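Structure first, then comments.
Bear in mind that the values in this text are calculations on the coordinates, not laboratory data. Just so you know, these numbers come straight off a predicted model, no measurement behind them. In this analysis, Cβ positions are derived from the backbone assuming ideal geometry, glycine residues included, and neighbour counts consider all displayed protein chains.
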Amino acid sequence: MKARIRPLAPCALVWNYPDTEPGFAALADACRAEGLTLTPVGPADTGQTIGSLCGGPGPASAPAIEANYPAALIMNGLDRSRLDSFLTRLRAGGVSIPLKAMVTPTNQGWTLAALLAELVQEREAFAARAAAQTAQKEQ
């Protein structure tokens, strides 16, 4: 008998972006329009896997850790055209979330803390590369 893998639910995990932020209502509206369940996550969730936070099965969570990361949005269940539509809605609504990621087969097994750390490293690498390119153009 083959095991059936239950797909993860369409969701948007939002980190460090409270409902008091000016763009939160626009974020909630964009999620509703695209059929995503908006799920705020916090420090108590840092030891859980991305897959389990999106409604999938997961191993027992690791201990929560102290995490001071900028706002992040982790999305699942959007194809390319729906992702473009979703991001357009966010921009139009004034939603400013610096870290964004899609759930992948690889990262769904990562803890929230691990994914946030990876997103911060990627953002810093992009910023360093952009600064180097700017400096090179100015020479």
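Before moving on, here are some points about what is shown:
- Every condition in (1) in contact with a strand residue (DSSP E or B) (Cβ under 9 Å, 6 or more places away or on another chain); (2) surrounded by fewer than 17 Cβ atoms within 10 Å (Cβ to Cβ); (3) of a type in the set (S, T, N, Q) holds for Gln48 except the one numbered (2).
- In region 16-32 there is at least one residue matching the filter, namely being surrounded by 12 or more Cβ atoms within 10 Å (Cβ to Cβ) and within 12 Å of the chain's Cα centre (by Cα).
- Some residue of region 117-139 being within 27 Å of Gly42 (Cβ to Cβ), under 11 Å from the mean Cα position of the chain (by Cα) and in contact (Cβ under 8 Å) with a residue 60 or more places away in the chain: no
- Filtered residues of region 51-86 (kept if crowded, with 16+ Cβ neighbours inside 10 Å and β-branched (Val, Ile, Thr)): Ile74
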